[in-house]
Amino acid sequence: MLKAIITGASGLVGSRVVELLQNFFEFIPLSHNECDITNGSAVEDKLTGTNFDVLLHLASYTQVDKAETEPMLVREINVTGTANLFNVCQKLQKKMIFISTDFVFDGTNPPYDETSTPHPLSVYAQTKYDAERLVANKGMVVRISYPYRQEFAKKLDFVRVIRKLLSEGKEVKMVNDSLITPTFIDDIAYGLKYLIENYTAKIFHLVGTEALSPYSAGQLIAKTYGLNPNLLLPIAYKEYFAGKALRPRYMDIRSQTNDFYKMHSFSEGLQLIK
């Protein structure tokens, strides 16, 4: 059985990847307690002493607004950490898959596919793009977008946040003049299964098939779960994100390279998790 070291194995996406694919691969979780990825010698010691075939790197600093206040820490985790892992993988001649984000694009000229030129707007996005460039052409880069899943106690994704607030009868402001591409995490996992088994050092987008405004996404969530859509209040992008880190506005992200796993639309994904 193929052995895969995985960082971020306890996170929103990583834990589901392990859960769904554990019968296909032997996962070796690499937690922060075991190995600080920002420490190059610690990474070298750990990886050199581990028998593995591929490293799946999901761990990341992802707090977009907070990242603006501590750029050095974000860079240390997202760039230096990735470089440390990748350099040792190269030295050991092991494969590495780096999980990146649609935020590397600026959201001004959609749609975006694997051939589109990144233009990051925030500290977080810049560090993810810098990490991509370290890995590019020698390792695999997989970009994902607005991941959601059925259940995960440790962290709410945007779907379950909206569900929770609406079920509590609370009003929710949602942007109605921008686009996002929500992605069902189970699809990401099964897409990764194929990519691990058919490894090639290229860029792939594992993303949903439907771009829509957050407000429209909220309406679909309300409709799917029988919640009150009148609690959703439309708000303009510029007003909602005033004083916050810049986000890509029209994030319609697609794939030209995914001809191996059929991703679901947001409405289909909601029906599946329901």
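Derivation of every value follows stated rules applied to the coordinates shown; laboratory data play no part. Being a predicted model, the structure only gives us computed values, none of them experimental. All Cβ positions, even for glycine, are placed from backbone atoms using ideal geometry, and neighbour counts span all protein chains on display.
Points to keep in mind about this one:
- Our summary gives the chain a relative contact order of 21 percent, counting only alpha carbon pairs under 8 angstrom and 6 or more residues apart.
- Full extension of the segment from D36 to Q63, taken as 0.36 nm per residue of separation minus the current Cα-Cα distance, would add 7.8 nm.
- As a rough guide to protection, the peptides 267-273, 1-7 ranked by mean Cβ packing within 10 Å, highest first, stand as 1-7, 267-273.
- All aspartates and glutamates inside 16 Å of K91 as judged from Cα atoms, apart from same-chain residues fewer than 8 positions distant: E44, D45, D53
- Within a Gaussian network of the chain (alpha carbon springs, distance under 10 Å), most fluctuating of G139, G243, G81: G243
- Kirkwood hydrodynamic radius of region 102-216, from inverse mean 1/r over distinct Cα pairs, in Å: 15.9 Å
- Close amide-amide hydrogen proximity is noted between I203 and V141, each under 5 Å apart and 5 or more residues distant or on a separate chain (H modeled in the peptide plane; Pro and chain starts excluded).
- When both region 230-244 and region 110-173 are represented by their alpha-carbon centers, they are found 19 Å apart.
- For region 213-274, the C-alpha radius of gyration sits at 1.42 times the compact-globule guess of 2.2 N^0.38 Å, with N the residue count.
- Greater than 18 Å apart at Cα, pairs in K173/K274; K138/K202; K3/K154; K155/K223; K46/K94; K164/K244: K173/K274; K3/K154; K155/K223; K164/K244
- Each stretch of four or more DSSP H residues adds -39500 (n - 2.57); spread over every residue of the chain, this sum gives -10000 deg cm²/dmol at 222 nm.
- If you run the Gaussian network model on the chain, springs between alpha carbon atoms under 10 Å, then out of F241, F52, F86 the most flexible one is F241.
- Share antiparallel - DSSP beta bridges, the chain, percent rounded to 5: 5 percent
- Computed from Cα atoms alone, the Kirkwood hydrodynamic radius reported for region 159-229 is 14.1 Å.
- Labels on offer are (i) 144; (ii) 188; (iii) 121, and the one holding volume of the Cα convex hull per residue in Å³ computed from this structure is (iii).
- Over region 41-177, volume per residue of the alpha carbon convex hull, in Å³: 152 Å³
- Peptide packing for 54-64, 178-188, 29-39 was compared via the average number of neighbouring C-beta atoms within 10 Å per residue; ordered from the highest value, the list is 178-188, 54-64, 29-39.
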